[in-house]
Amino acid sequence: MTERDYCEEALLLSGVHPEKCMKCGKCSGACPSYDEMEYHPHQFVDMIAKGQIKKLMESESLYHCLSCFVCVERCPRNVMPANLVEAVRTLRERSIGNDRLKPDDVAALLDEETPGQLLMAAFRKYSK
Ligand code: SF4
Ligand code: SF4
């Protein structure tokens, strides 16, 4: 899939119409994960409108979003940026498939607080 194809898929999945955005920044201003996110909700809208989804798909911002929907509530144009974050996360997950946790990665994840059972369950679930 091309980057443009991924953008179209994200828009389809999310139901977002980026052309409604008036770039007021209220969504990002209210986002509780602002400091943790490399890309902010208004940037998801703007970048996907410009066909730039690759950087978003590779960003850990996807996992710092709390899915709290504050950005959706604050948007005066009903753009629903959180839906777009969710859609990009879904596309990333799909592109990775089930091959997410390899045996060599497990040792680095172990610490005193992580139950071994949890890692084993994750390994079964996320490896081919
Ligand atoms: S849903 Fe995500 S992007 Fe939107 S305000 Fe909450 S943390 Fe921020
Ligand atoms: S609050 Fe809505 S209109 Fe304003 S920048 Fe965010 S998505 Fe665009």
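Overview of values
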quantity	calculated
Verdict on Ala82 being away from ligand 1 (no atom under 11 Å from the Cβ), within 30 Å of Lys125 (Cα to Cα) and under 13 Å from the mean Cα position of the chain (by Cα)	no
Residues of the range 62-82 that turn out to be touching a residue at least 60 places away in the same chain (Cβ under 8 Å) and β-branched (Val, Ile, Thr), as a count	1
Condition check for Gly29: under 23 Å from Arg94 (Cβ atoms) and of a type outside the set (D, E, K, R)	no
Selected residue (criterion: farthest from Ser61 (Cα to Cα)) from residues of the range 83-101 that are surrounded by 15 or more Cβ atoms within 10 Å (Cβ to Cβ) and free of Cβ contacts under 8 Å to residues at least 60 places away in the same chain	Leu101
Complete set of residues in the range 19-34 that are open to solvent by less than 20 Å² (accessible area, probe 1.4 Å) and either under 18 Å from Met57 (Cα atoms) or of a type in the set (Val, Ile, Thr) (or both)	Ser33
Of residues in the range 102-127 being part of a loop (DSSP other than H, G, I, E, B) and at pLDDT 75 or above, the one least open to solvent (accessible area, probe 1.4 Å)	Thr114
Single match in Cys31, Cys75, Cys7 (criterion: among the hydrophobic types (A, V, I, L, M, F, W, C), within 9 Å of ligand 1 (Cβ to nearest atom) and modelled with pLDDT of 95 or more)	Cys31
Single residue of Glu38, Glu73 found to be more than 25 Å from Ser127 (Cα to Cα), of a type in the set (Asp, Glu) and in a loop (DSSP other than H, G, I, E, B)	Glu38
Residue count, the range 76-89 (criterion: in contact with a helix residue (DSSP H, G or I) (Cβ under 6 Å, 6 or more places away or on another chain) and either charged (D, E, K, R) or part of a helix (DSSP H, G or I) (or both))	9
Given (1) away from ligand 2 (no atom under 15 Å from the Cβ); (2) more than 17 Å from Arg92 (Cα to Cα), number of the condition Ser67 does not satisfy	(2)
Per-region count, the range 40-65, residues open to solvent by 10 Å² or more (accessible area, probe 1.4 Å) and under 10 Å from the mean Cα position of the chain (by Cα)	6
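The values are calculated or read from the model by the stated rules, or taken from the named source; none is laboratory data. Because the structure is predicted, anything quoted here is derived from the model rather than measured. Neighbour counts are summed over all protein chains in view; Cβ atoms, including those assigned to glycine, are modelled from backbone coordinates with ideal geometry. Ligands, DNA and RNA are stripped out before the accessible areas are found, and what is left, the full protein with its side chains, is counted by its heavy atoms. Shrake-Rupley method; radii C 1.70, N 1.55, O 1.52, S 1.80 Å.
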